[in-house]
Amino acid sequence: MIRLKFLPGGETIQAFDARLADVWQQLLINPLGKHVLVVAHLFVCNGLLRQVIEQPLSRIMAMDLPYAAMSRVRHERHALGETTFIEWIGR
């Protein structure tokens, strides 16, 4: 069970995760050959990377990123479908 403290009346973890899923899908429609830079808070980066590797919501902090971490994700479209790679995670 996820035990994170949120402000009363704030966004639930499920709503946050759904919003991240929408953002990830929008990033995937980036035109071929173009790069996208995402600058975000640690919790957002953890959530996006968790979605890339298709971990369940219960593993929202699975990536265990350090502060000021930079990560590189590559998404490829090819004849057989699409593939996403996390090329590196770190500072």
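For the stretch 3-45, the set of residues classified as acidic (Asp, Glu) and in a helix (DSSP H, G or I) consists of 17, 22, listed by residue number. The single condition among (1) at pLDDT below 85; (2) at negative phi that residue 9 does not meet is (2). Cβ-Cβ distances below 6 Å connect the following pairs, each with a first residue in the stretch 26-47 that is under 26 Å from residue 59 (Cβ atoms), a second residue that is part of a helix (DSSP H, G or I), and a separation of six or more residues or different chains: 36/27; 47/20. Which one is farthest from residue 29 (Cα to Cα), of the residues in the stretch 46-91 that are assigned to a helix (DSSP H, G or I) and in contact with a helix residue (DSSP H, G or I) (Cβ under 9 Å, 6 or more places away or on another chain)? Out of the qualifying residues, it is 59.
The values are calculated or read from the model by the stated rules, or taken from the named source; none is laboratory data. Computed from a predicted model, the values in this text were never measured in an experiment. Using ideal geometry, Cβ is built from the backbone for each residue, glycine included, and neighbour counts are taken over all protein chains shown.
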